[in-house]
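The values are calculated or read from the model by the stated rules, or taken from the named source; none is laboratory data. Model, not experiment: these values are computed from the prediction. For neighbour counting, all protein chains shown are included, and Cβ atoms are generated from backbone atoms with ideal geometry for every residue, glycine included. What goes into the accessible areas is simple: the full protein's heavy atoms, side chains included, and nothing from ligands, DNA or RNA. Shrake-Rupley method; radii C 1.70, N 1.55, O 1.52, S 1.80 Å.
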Amino acid sequence: MYNILLTDDEQIMIDSLKFIIEKNFPSETKLFQALSGSTALEIAAREQVDIIFMDINMPGLNGLETVKFILQARPETIIVILSAFDRFQYAQEAVNLGVYRYLTKPVNRNTVVETLRNAMNIVDQKRGRRNSEEELHKKLDIVSPMVESDFIYSAALSGTKDVSEYFSYFGISGSAWCFCCLEFPGMNEKKQNESYDNIRTLLGSRAKCITGSFMANRLATFFYFPLAGGLEKLENEAKDTLSSIYNILCLNISPGIRAGVSTFFTDPDMTGTAYNEALEALNSTPGEGGILFAGKAVAKRKDTDPGTIAEGIFGRIRAGDCASIRHLLNSYAAALQESYEGDMGKIKNAIFELLVNVRNITTEIDCNYQNDEFSSAFSVLSAADSMGSVLDFALKRCEECATDVMKFSSTKDNHIVKKAEDYIEKRMSEDLSLEDVAAAINVSPSYLSRMFKDVKGENYINYLTDMRLRRARELLRDPRMPIKEISAEIGFNDQNYFSRIFKNKFGMTPTEFRNVAK
């Protein structure tokens, strides 16, 4: 079936074309018709039109202008120009735009049939090529992760005969390489499946790498860099790159990721050694997160004061990470004992204050969270006769909160994003940074950023821009409102910048859109 749009300002011409097409191509076409360029644009935007017969001389938006906009939005459309003018300048402009044929009126019936049949053949070829490409991409999307995971498995075990063959297959020869083991605390299996493609894309967009599949909540990645300028220089640059990638992962996927990186090698026989080094570095990484390179001693932590460790606990709660809570809580208790010289009364008060903050953080994220155990927290802590019982009670409450946050964050119906949307809608003309919106709805910027990625599938800036442009499109339908005023209304102080991104989004400038929308 072919979708065909007939555009002419004379209905008799449309009826003639319709009669010829239906007579010669019965049951093969779905016909649409438009008496103006603006109507043709609307139909082309709404329907998947394959072929368009377009008159040039029409009131308002002429045929060549209409063709220009249509081909910008959907370049694969086949355009046949119909014109009562045989002027060279029209034909030349049509050719420059990329139209298929330029026919002068009156058009012979056989010419219409032949032109349409050839156009259909071109559509078939494009469909076949597109289907083949899509099928190839689908196969690659399935096969590539399998091949990469098999390489990671073989390389980690080392000594397997396939490693050198993989080096040749992936073009790793002449490179220095390392293993990086990543741990994503609190990420359940469902979340892993949802995030895996995004993680692979983020890693691969910033460095050449091969990524394995999740093993529990860990992911092994093999990074390789062209060996040029000496190994020492490469190592320094590569470490900067990997540190940057780590920060991007924490921002876009989950805060508090732990990462261990091996030293750099060139010998394929050392893959097993490299993998073990990366694992050892990962296991030496602080529980609250960070990246550690093998051979680099873990620096003595400066955050041994209770307040700083408490912030680490709050971060783990916001991340929905139960795994690191016990380690941090033990460190917190040790720091309290040192600060208060074993005074149990002061230690209990500090832990009670910690639990109050933990509960508040949880209710900020999940306003429906309730736990009656917190109501009796003060009396339970006061009656506790040992540090062990105090820590046991605190640990259970913290883990319960982290678990609730993890479950809540994995749902798509997230009220945090809805609150952010409502806030943006009311203040669209203002300069709205992620930090401003997060502060207004009482969540952390990193958490709000992650929620936009999870719920909307895009980052905050892209979502805000799209939201503003959608609003601009609505306002442009009112011809009385100046474009400069619309630009300011949606938060763009620079009208030229507004026009540029509007055209990038919709394929036409605000002025052109307004003319079409009349």
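I'd like the orientation of helix 11-24 relative to the chain: the angle between its Cα long axis and the longest Cα principal axis, in ° from 0 to 90, rounded to 10.
The angle comes out at about 80 degrees.
Modelled label-to-label distance, Arg326 and Asn236, 7 Å Cα→beta-carbon offset: nm?
For Arg326 paired with Asn236, the spin-label model returns 4.3 nm.
Just check the range 387-518 against the gyration tensor rule for me: Cα atoms, a ≥ b ≥ c as the square roots of the eigenvalues, rounded for a/c under 1.5, and otherwise prolate or oblate depending on whether a/b exceeds b/c.
prolate
Before I look further, what does the range 226-300 give for accessible area per residue, probe 1.4 Å, in whole square angstrom?
That works out to 47 Å² for each residue.
For the modelled label position 7 Å from the Cα of Met481 along Cα-to-Cβ, which residues of the range 415-434 have backbone nitrogen atoms closer than 20 Å?
Flagged as within label range: 421-432.
For the Cα atoms of the chain, what angle does the longest principal axis make with the long axis of helix 495-506, in degrees from 0 to 90, nearest 10?
Approximately 80 degrees, to the nearest ten.
Against the longest principal axis of the chain, how steep is helix 415-426, in degrees 0 to 90 to the nearest 10, with axes from Cα atoms?
50
Please give the length that would be gained between Glu47 and Lys23 if that part of the chain were fully extended, namely 0.36 nm times their separation in residues minus their C-alpha to C-alpha distance (nm, one decimal).
Residue separation times 0.36 nm, minus the Cα-Cα distance, leaves 6.3 nm.
Do me a favour and compute the ellipsoid semi-axes for the chain from its Cα gyration tensor, root of five times each eigenvalue, largest one first, whole Å.
Semi-axis lengths for the chain are 59, 33, 19 Å.
May I ask you to compute the full-extension gain from Tyr497 to Ser375, defined as 0.36 nm times their residue separation minus their alpha-carbon distance, rounded to one decimal in nm?
Full-extension gain reported as 38.5 nm.
Restricting things to alpha carbons, find the Rg to Rh ratio for the range 12-105 using the Kirkwood radius for Rh.
Here Rg/Rh amounts to 0.94.
Have a look at the range 185-266 and give its Rg and Dmax from the Cα atoms, expressed in angstrom.
13.5, 43
Could you tell me which of Val455, Ala472, Met428 has its Cα farthest along the dipole of the range 424-485 towards the positive end, charges placed at Cβ (Lys, Arg +1; Asp, Glu -1), taken about the Cα centre?
Ala472
If you count the DSSP beta bridges with both ends in the chain, what percent of them are antiparallel, to the nearest 5?
In the chain, DSSP labels about 45 percent of beta bridges as antiparallel.
Given charges of +1 on the Cβ of Lys and Arg and -1 on the Cβ of Asp and Glu, with all other atoms neutral, how large is the dipole of the chain about its Cα centre, in debye to the nearest 20?
About 1220 debye.
Report, to the nearest whole %, how much of the accessible area of the chain belongs to carbon and sulfur atoms, 1.4 Å probe, protein only.
The C+S portion of the solvent-accessible surface of the chain is 48 percent.
Projected onto the charge dipole of the chain (+1 at Lys/Arg Cβ, -1 at Asp/Glu Cβ, origin at the Cα centre), which of Asn108, Ala216, Ser389 gives the Cα projection farthest towards the positive end?
Working it through, the farthest residue towards the positive pole turns out to be Asn108.
List the residues, sorted by chain then number, that are 5 or more residues from Ala176 or on another chain and whose placed amide H is less than 5 Å from its amide H.
Phe225, Leu227
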